[in-house]
Amino acid sequence: MTTLRMALRNISRQKKRTILLGGAIAFGVMIITLVGSLTAGLASTANERFTDLLGGHIYISGQEVSESGRLISIVGEQEPLEEALFLIDDQIKEIRFRSAASGEVIFGSRTTTVMLDGVDWDHEPTLYKNLELIAGDITSVSDERTIIVPEPVMEELGVLVGESVLIRVTSITGQRNVGDFVIGGVTPDAGTFGLGSAYVDRAYLNSLIGMAADQYQRANIALADTGDIETVAATIERELLLLGKIDPGETAADDGHQPGSGPGRTMMFPGGMGFSAQVEETEQWEGTQFKVSTINDVMEPVMTIVTLLNQVSLGLFVVLMIITMVGLLNTFRMILIERTREIGTIRAIGMQRGQVRNMFLLEAFVLAVGGAIAGLVAAGILAAILGNIPMSTNTPMAMFLDGNTFAFPVNVINIAGTLAILTVITVLSAYLPARKAARMRPADALRTSY
Amino acid sequence: MKTIHALMAVALFAAVVPAAGALDISDGEEILEAVDGLRNFVGGDFAAVMTMISEDPDEGVEKQVVQQFRRDDEEKFLMLIQEPAVKLGQGYLQVDDTLWFYDPESRQFTHTSMKERFSGSDARNSDFGRSSITDDYAVTDLREGTLGSYQVYILELSATNNEVTYPHVVMWVTRDLFLPLKVEDYSETQRLMRTSLYPSYARAGDTYIATTMIFVDELIEGKKTQISLTDISVEPLPDSIFTKAYVERVNR
């Protein structure tokens, strides 16, 4: 206790030096905490957005070759997929079998383009129950002509709930078609720079894009445990491969690569996009070929940005810590010189070597903890300020916004890790001067004059 | 050569089509062949300058001037945009089954589709190349009628495959020269989606070329595109025109 009191007194004796050293530590902690929290928030928000947007964690789409050799997006053969899904039945929270098409919504002379998601409402209870509407009523989807549009579509067209619109679509084989829809509800602007989908009845959409009522283009699987995404995806991929329904050249499941990293995991956005590529005669196939992708594939570009930001902040933290460590080492050597006679005195009146060493180490420890706490407080204040600044939801960054602000989640493990590393490094840098101080002979120390 | 083909089709039709009042579906097939013969430049080249006026209720009026080159025998065409300045040098090059779009800013060719709209207008890329109505459509009804002061055959067509842009088409064709005057394109749900009007033709050699085309978007009120052809030529074109190198060269 006496040692601690003496350490605290020593720290308070040189206020300017303490503030500079503690400030450097605090700044480093603040930066890494703030950036770490921001990137965690970005990744988490983007993950949630994409999961909502794409309707699940694993996406299985089908492709066939038309009679004229063009690539069309459809799951014509459903049995192989059903067999593969049977294997992971207990891990599935919900499956959404959907069709999709890009649609030109026409209201009078006004038009806008929106992605149409064909939903089988009877088999999507979660969406039916949880879909947030700012206008209209979800029960309206019982009418096959109902369309639930994102708020920007409503604003752009100047249309109201209950009014009729025309939607021009392109079938899976490239034919132009048009359907009549009635606005049944409006979802809030998700700030997803145009990626927000409109929901329509799947059977009706299918009739417009040249598919049978019970057909679909993509199965979106929501898992009960999101930690299993890659394992479950690999199981599906393996089964489809065994059934000959995935091009062996396109799968990564059996070639030793990390599941999800192969070209077979190409993210697909099926639906009449007005473009169908010609498949070379030698590469054409019979029936449906499947492609499996996961939310992690979609998130890959986002995670690259997050990793880069984390690396930059870590680099900055390391540089700051090196500078701080060098500063600490020099400071403690100076302290050692300044207090040589004092050390001689306290040794002479009975303080043990270990106590002298511990006094130095405690000074460093208190400095590290104090600086870290100040850094955390500063990071918290800054996060609170930045987290309350409303951002524009009309930019690509909107995908990363929680509502209209950035999220700064607290990651206790990361913070604890940073503090532990910081404390150890700080104490270590003070160790050499501390040991030297402890090894001084009292008589020599008392004789010293600087 | 093109002219001979076209005239042969017309002559053949004249010999086959019976007197008015006794038309049947097979006569319609003959009419379609005659129309195909006139629409495509078999055995020759074609060049013209197209002026496109697009009217859009949201975006206003836009004028585009496009130099067009066609060699239908080899299924090639090239369209080079000359106006407006912001699109100067953009080009659409078709070689066999592949249609390329050239962007002079990026200096890149990208693949596009014949079904896409041409440069944001109501015309499709397929409106400017070789077409074969007889390959893609079957006549479901044929009757005689009038369109304004013209005596016409009215043909109702249904697609024979599901890859043509419009599944149902109604066509008004003059009885004397088999020139299409009006075409209505319908969706699978039988909704009128586009009306194409060809109010004026000009003789080029011994055949006829539509010099004015009007494409009306029937779903969006007030949206239409009018195309006028000038500087028409049926002289042979150098082979080098239908190459990517040419498109890049004219943009230097």
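The values are calculated or read from the model by the stated rules, or taken from the named source; none is laboratory data. Source: prediction; values computed, not measured. Cβ atoms come from the backbone with ideal geometry, glycine included; neighbour counts cover every protein chain shown.
Being without any contact (Cβ under 8 Å) to a residue 60 or more places away in the chain and under 30 Å from A:I172 (Cβ atoms) holds for only one residue in B:Y198, B:Y166, and it is B:Y166.
Looking across the range B:162-203 at every residue that is among the hydroxyl-bearing types (S, T, Y) and assigned to a strand (DSSP E or B), the one that is nearest to the other protein chains (Cβ to nearest Cβ) is identified as B:Y186. The condition of being crowded, with 20+ Cβ neighbours inside 10 Å and of a type in the set (D, E) holds for only one of B:D217, B:D239, B:D176, B:D231, that being B:D217. In the range B:149-161, the qualifying residues are those that are in contact (Cβ under 8 Å) with a residue 12 or more places away in the chain and in a loop (DSSP other than H, G, I, E, B), and the one that is nearest to the other protein chains (Cβ to nearest Cβ) is B:N161. Going through (1) touching a strand residue (DSSP E or B) at 6+ places or on another chain (Cβ under 7 Å); (2) surrounded by fewer than 22 Cβ atoms within 10 Å (Cβ to Cβ); (3) among the small types (G, A, S) one by one, A:S142 falls short only on (1).
Being of a type in the set (A, V, I, L, M) and touching a Leu at 6+ places or on another chain (Cβ under 6 Å), is that true of even one residue in the range A:64-81? Checked the range A:64-81: no residue is of a type in the set (A, V, I, L, M) and touching a Leu at 6+ places or on another chain (Cβ under 6 Å). Across the range A:20-43, a minimum of one residue is classified as touching a strand residue (DSSP E or B) at 6+ places or on another chain (Cβ under 9 Å), in a helix (DSSP H, G or I) and buried (at least 20 other Cβ atoms within 10 Å of the Cβ). Just one of the numbered conditions (1) more than 20 Å from A:V424 (Cβ to Cβ); (2) at pLDDT below 85; (3) surrounded by fewer than 16 Cβ atoms within 10 Å (Cβ to Cβ) is not true of A:I323: (1).
A single member of A:V105, A:V141, A:V159 is in contact (Cβ under 8 Å) with a residue 40 or more places away in the chain and either on the phi > 0 side of the Ramachandran plot or in a strand (DSSP E or B) (or both), and it is A:V105. Out of the residues in the range B:58-74 that are more than 14 Å from every other protein chain (Cβ to nearest Cβ) and of a type in the set (D, E), which is surrounded by the most Cβ atoms within 10 Å (Cβ to Cβ)? Across the range B:58-74, the extreme among qualifying residues is B:D72. In the range A:273-284, the count of residues that are part of a loop (DSSP other than H, G, I, E, B), modelled with pLDDT under 85, over 30 Å from the mean Cα position of the chain (by Cα) and more than 14 Å from chain B (Cβ to nearest Cβ) is one or more. If the condition is being within 11 Å of chain B (Cβ to nearest Cβ) and part of a strand (DSSP E or B), then the range A:162-175 contributes A:V165, A:L166, A:I167, A:R168, A:V169, A:T170. In the range A:65-87, what count of residues is obtained for those that are under 20 Å from A:R238 (Cα atoms) and of a type in the set (D, E, K, R)? Of the residues in the range A:65-87, 4 are under 20 Å from A:R238 (Cα atoms) and of a type in the set (D, E, K, R). For the structure I just gave you, tell me whether A:G76 is touching a Gly at 6+ places or on another chain (Cβ under 9 Å) and free of Cβ contacts under 8 Å to residues at least 60 places away in the same chain. Against the criterion (touching a Gly at 6+ places or on another chain (Cβ under 9 Å) and free of Cβ contacts under 8 Å to residues at least 60 places away in the same chain), A:G76 does not qualify. Is the range B:86-100 home to any residue that is more than 17 Å from the chain's Cα centre (by Cα), in a helix (DSSP H, G or I) and modelled with pLDDT of 85 or more? Within the range B:86-100, one or more residues are more than 17 Å from the chain's Cα centre (by Cα), in a helix (DSSP H, G or I) and modelled with pLDDT of 85 or more.
Yes or no, residue by residue, for (1) of a type outside the set (S, T, N, Q); (2) assigned by TED's automatic domain parsing to the domain that holds B:T140; (3) without any contact (Cβ under 8 Å) to a residue 40 or more places away in the chain:
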residue	(1), (2), (3)
B:I25	yes, yes, no
B:E29	yes, yes, no
B:L38	yes, yes, no
B:S54	no, no, no
B:D58	yes, no, yes
B:E62	yes, no, no
B:Q67	no, no, yes
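Within the range B:82-97, the residues that satisfy the criterion of being out of contact with any Lys or Arg (no Cβ under 7 Å at 6 or more places or on another chain) and surrounded by 12 or more Cβ atoms within 10 Å (Cβ to Cβ) are B:Q82, B:K87, B:L88, B:G89, B:Q90, B:G91, B:Y92. Evaluate the following for A:L208: is it of a type in the set (A, V, I, L, M) and either within 14 Å of chain B (Cβ to nearest Cβ) or surrounded by fewer than 22 Cβ atoms within 10 Å (Cβ to Cβ) (or both)? In short, yes.
Each row is one residue, and each column tells you yes or no for (1) over 26 Å from the mean Cα position of the chain (by Cα); (2) within 14 Å of chain B (Cβ to nearest Cβ); (3) closer than 22 Å to A:T173 by Cβ; (4) surrounded by fewer than 20 Cβ atoms within 10 Å (Cβ to Cβ).
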residue	(1), (2), (3), (4)
A:G62	yes, no, yes, no
A:S68	yes, yes, yes, yes
A:E83	yes, no, no, yes
A:I88	no, no, no, yes
A:Q91	no, no, no, yes
A:F97	no, no, yes, no
A:A101	yes, yes, yes, no
A:R110	yes, yes, no, yes
A:T113	yes, yes, yes, yes
